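So the structure is just underneath, and the comments pick up after that.
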Amino acid sequence: MKAVSLLRPGSFEVDMRETPTLGASEVLVEVTDVGICGSDVHWYQHGEMGNRTVEEPLVLGHESAGKIAEVGDAVADHAVGDRVAIEPGVPCGECAYCRQGAYNLCPDVEFMATPGTDGAFQEYVAWPAEYVYELPKGVNTREGALCEPISVGIHAVRRAGVEVGDSVLIMGAGPIGLLAADVARAAGATDVAVVDVVESKLDRALDRGADFAFNSGEVDVNNRVRTEFGTGVDATIEATGAPPAIETALGTPRPDGTVVLVGLAPDAEIPVDTFELVRGQIDVRGSYRFANTYPTAMSLIADGDVDAAGIIDFELPFDRLNAAFERATDTDVIKGMVSVR
């Protein structure tokens with residue numbers, strides 16, 4: 001089978017590999033669609049992330065879907081031909097976090113497209129059947145591949161405790177921000193505001209149903225939030241990782257409100273006004289990946305509550321992966337897809 005590996009920053013190589021051999025509890029997925037995530041682009045541009053470095057060829061891509069080509073001997077709930085989405089993280093299943101259902105916090109999770117675990121930019125992937133989900137009728141594999149970023153949005157909205165009637169501020173109109181806005185609305189939020197510095201992305205947010213769109217390069221977001229929402233919003237979800245956006249986000253909730261941090265800042269330390277956080281009794285929560293979200297993500301797509309296809313700006317074939325990654329770096333691009341089949 002064909003696979004495309006990152007050798008070093010900016011350099012992909014096509015190589016031929018043996019089709020994976022299945023374990024008894026695994027399925028073989030013929031990959032059809034893969035989304036390009038910001039983390040994929042970071043690996044492509046820098047060859048490292050945090051304390052991890054690409055030292056061996058690494059197949060990128062963790063937003064994926066396809067068709068089952070083969071099932072292991074112990075697999076009873078999948079069949080050849082099923083259209084499926086692949087959840088990219090496989091936890092140990094034994095640690096305290098896994099036993100509690102919070103398997104996204106498992107210290108030994110194997111996650112696609114990180115050093116040591118290849119991703120989905122290859123023709124076939126062998127994966128534990130437990131983390132492969134049959135897509136509902138009416139949900140295509142392009143949408144199914146986006147269950148991964150939708151899941152990030154679902155987890156963030158759950159961490160924010162969004163309820164019916166809440167006001168929600170989303171920092172960032174990238175894929176996570178726009179999908180989180182959809183999820184917040186589905187959870188019952190009645191007022192959703194989106195912040196970004198790219199006007200075309202803010203226009204997209206409004207087209208998708210956001211009630212407000214603030215350009216943080218042109219307005220004081222905190223003042224605008226007070227103008228529209230009084231003492232602040234019920235919940236803010238920070239989905240950029242940009243230090244100025246994080247600092248702004250911390251000042252936007254109402255007293256007793258919540259800030260959820262999803263984006264990873266380039267520096268671990270951000271200045272924080274602890275007096276305002278304490279005086280306002282603000283909950284600040286992290287949101288890391290996701291757990292137990294794929295069935296919900298598929299239902300949200302199927303019911304029309306999340307417009308997955310609407311964030312896709314372009315799709316290129318597998319043999320143009322370099323071009324796809326270069327285009328994915330454009331400021332106006334929200335999501336690029338790669339068609340493997």
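The values are calculated or read from the model by the stated rules, or taken from the named source; none is laboratory data. Please read all numbers here as calculations on a predicted model, not as lab measurements. A quick note on method: Cβ atoms are made from the backbone with ideal geometry, for glycine too, and the neighbour counts reach across all protein chains shown. Heavy atoms of the whole protein, side chains included, go into the accessibility calculation; ligands, DNA and RNA do not. Shrake-Rupley method; radii C 1.70, N 1.55, O 1.52, S 1.80 Å.
The phi-based Karplus calculation (6.51 cos²θ - 1.76 cosθ + 1.60; θ = phi - 60°) puts the 3J(HN,Hα) values of region 177-192 at x, 5, 6, 5, 4, 4, 5, 4, 4, 5, 7, x, 4, 9, 10, 10 Hz, whole numbers, x for Gly and Pro. Expressed as a whole percent, the accessible area of region 1-80 that falls on carbon and sulfur atoms is 45 (1.4 Å probe). Taking 22 Å as the straight-line reach from the Cα of Lys137, the lysines in range (excluding those fewer than 8 positions away in the same chain) are Lys67. In the chain, taking the dipole from charged Cβ atoms about the Cα centre, the farthest positive-side position among Ala324, Val221, Val80 is held by Val221. Computed on the Cα atoms alone, the convex hull of region 46-156 gives a volume of 142 cubic angstrom per residue. Charge dipole (Cα centre; +1 on Lys/Arg Cβ, -1 on Asp/Glu Cβ; no other charges) of the chain amounts to roughly 260 debye. Taking 25 Å as the straight-line reach from the Cα of Lys201, the lysines in range (excluding those fewer than 8 positions away in the same chain) are Lys335.
Each residue of region 252-258 was assigned a 3J(HN,Hα) from its phi angle through the Karplus curve 6.51 cos²θ - 1.76 cosθ + 1.60 (θ = phi - 60°); the sequence is 9, x, 5, x, 6, x, 9 Hz, with glycine and proline shown as x. Taking every protein chain into account, the accessible area of the chain amounts to 44 square angstrom per residue (probe 1.4 Å).
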